[in-house]
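Novice: One structure, as structure tokens, below. Some questions next.
A short reminder: the numbers here are calculations on the coordinates, not readings from a lab. Note that the coordinates shown come from a computational prediction; the quantities given were computed from them, not determined experimentally. A quick note on method: Cβ atoms are made from the backbone with ideal geometry, for glycine too, and the neighbour counts reach across all protein chains shown.
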Amino acid sequence: MPKLLVAPSILTADFARLGEQIQEAEAAGVDWIHLDVMDGRFVPNLTFGPLVVEAVRRVTRLPLDVHLMIVEPERYLRDFAQAGADWITVHFEATPHAHRAVQQVKELGKRAGLAINPATPLESLLPLLPELDLALLMSVNPGFGGQRYIPGTTERIRRLAGLREHMNPACLVEVDGGIKPENVAEVYRAGADVVVVGSALFNNRPVAENMEKLLGRVYAVGPR
């Protein structure tokens, strides 16, 4: 049974004790740490830049999954790479030069991802799929936490997973937005390799308890 990688988004953590929350997540068995970088232009919200990535790098050895929801990401790829990112994902919609951005990430020695929004045709990924380390499907509209999972995403995951098997089996399929214990098994069975989880992990219950509940739902369904 393929392992589902869990990448908690620090946006839903308590920033007053961010290091402690990350260490709690690591102890609970999460696989990556997901960092949502927003510029107030590509998406309405404004979050943080390379300095926070650098701070997170100091408190964990887990892979850092940096999701750039910013326009002209090419201008900042080196900064995020130097800050300690392991995976850097740019949005197809945020640059006219997605291929160039992917190549730049690889030249910096990092794993390259490409993300698409819910309304963007899946076919937009196909020209670059053979070169990607990660393909990210947004399952909510980017820019805000706490949104509900868009049900049509499940079929998009299934289609992308099938295409990946033919075009680039090494590419991981990541899903970001609205992932909860109630739908994580559906997402996993459709073919997701990585799920970004926010409030389902960082809430008023211990992270380890939330992680156990999440994975319990995944593996209760049996092999996909």
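Novice: Hand me the GluC sites (Glu not before Pro) from the range 1-74 located in a DSSP loop with no more than 16 other Cβ atoms within 10 Å, in residue order please.
Specialist: Taking the range 1-74 and a limit of 16 other Cβ atoms within 10 Å, no loop GluC sites (Glu not before Pro) are found.
Novice: Tell me, what are the semi-axes, in whole angstrom and largest first, of the equivalent ellipsoid of the chain as set by the roots of 5 times the Cα gyration tensor eigenvalues?
Specialist: Taking √(5λ) for each Cα gyration eigenvalue gives 24, 22, 16 Å.
Novice: Using the Cα atoms of the range 95-165, I'd like the radius of gyration and the largest Cα-Cα distance, Dmax, both in angstrom.
Specialist: Reported Rg and Dmax, both Å: 12.9, 36.
Novice: If the viscosity is 1.567 mPa s and the temperature 4 °C, what translational diffusion coefficient in µm²/s does Stokes-Einstein give for the range 7-88 when Rh comes from Kirkwood over Cα pairs?
Specialist: My calculation gives 101 µm²/s for D.
Novice: Only Cα pairs under 8 Å and at least 6 apart count here; give the relative contact order of the range 40-148 as a rounded whole percent.
Specialist: Normalised by residue count, the contact order of the range 40-148 is 23 percent.
Novice: Using the alpha-carbon centroid of each, what span in Å lies between the range 77-103 and the range 152-224?
Specialist: The two parts, judged by their Cα centres, are 23 Å apart.
Novice: Take the chain, connect every pair of alpha-carbon atoms lying under 10 Å apart with a spring to form a Gaussian network, then pick out the residue of Ser124, Ser199, Ser139 with the largest mean-square fluctuation.
Specialist: So, out of Ser124, Ser199, Ser139, the one fluctuating most is Ser124.
Novice: Enter the per residue convex hull volume of the range 106-224, computed from alpha-carbon coordinates, in Å³ rounded to the nearest integer.
Specialist: Enclosed volume per residue, from the Cα hull, is 121 Å³.
Novice: How far is it, in nm, from the label point at Met167 to the one at Glu54 when both lie 7 Å from their Cα along the line to the Cβ?
Specialist: 3.7 nm
Novice: How much mean residue ellipticity at 222 nm does the chain get from its helices, if each DSSP H run of length 4 or more adds -39500 (n - 2.57) and you divide by all residues, to the nearest 500 deg cm²/dmol?
Specialist: -9500 deg cm²/dmol
Novice: Is the shape of the range 164-203 best called rounded, prolate or oblate, per the rule: a/c under 1.5 gives rounded, else a/b larger than b/c gives prolate, else oblate, with a ≥ b ≥ c the square roots of the Cα gyration tensor eigenvalues?
Specialist: prolate
Novice: Rg to Rh ratio, the range 49-173, alpha-carbon atoms and Kirkwood radius?
Specialist: Here Rg/Rh amounts to 0.96.
Novice: 7 Å from Cα along Cα→Cβ at both Thr120 and Leu46: what's the point-to-point distance in nm?
Specialist: Reported label-point gap for Thr120 and Leu46 is 2.4 nm.
Novice: So, one more: Which of the trypsin sites (Lys or Arg not before Pro) found in the range 16-118 are in a DSSP loop and have at most 10 neighbouring Cβ atoms, other than their own, within 10 Å?
Specialist: Here the sparse-neighbourhood loop sites are Arg61.
Novice: Using a Cα-Cα cut-off of under 30 Å, which lysines could be cross-linked to Lys180, ignoring same-chain neighbours fewer than 8 residues away?
Specialist: Within the straight-line cut-off, Lys180 pairs with Lys3, Lys110, Lys213.
Novice: Follow-up. Work through the residues other than Ser139 whose Cβ is under 15 Å from its Cβ and net out their charges, Lys, Arg +1 and Asp, Glu -1.
Specialist: Computed value for this residue: -1.
Novice: Would you work out the relative contact order for the chain, in percent, from Cα pairs under 8 angstrom that are 6 or more residues apart?
Specialist: With pairs under 8 Å counted, the relative contact order is 20 percent.
Novice: Grab the Cα-Cα distance for Val71 and Arg205, subtract it from 0.36 nm times how many residues apart they are, and report the gain in nm with one decimal.
Specialist: 44.7 nm
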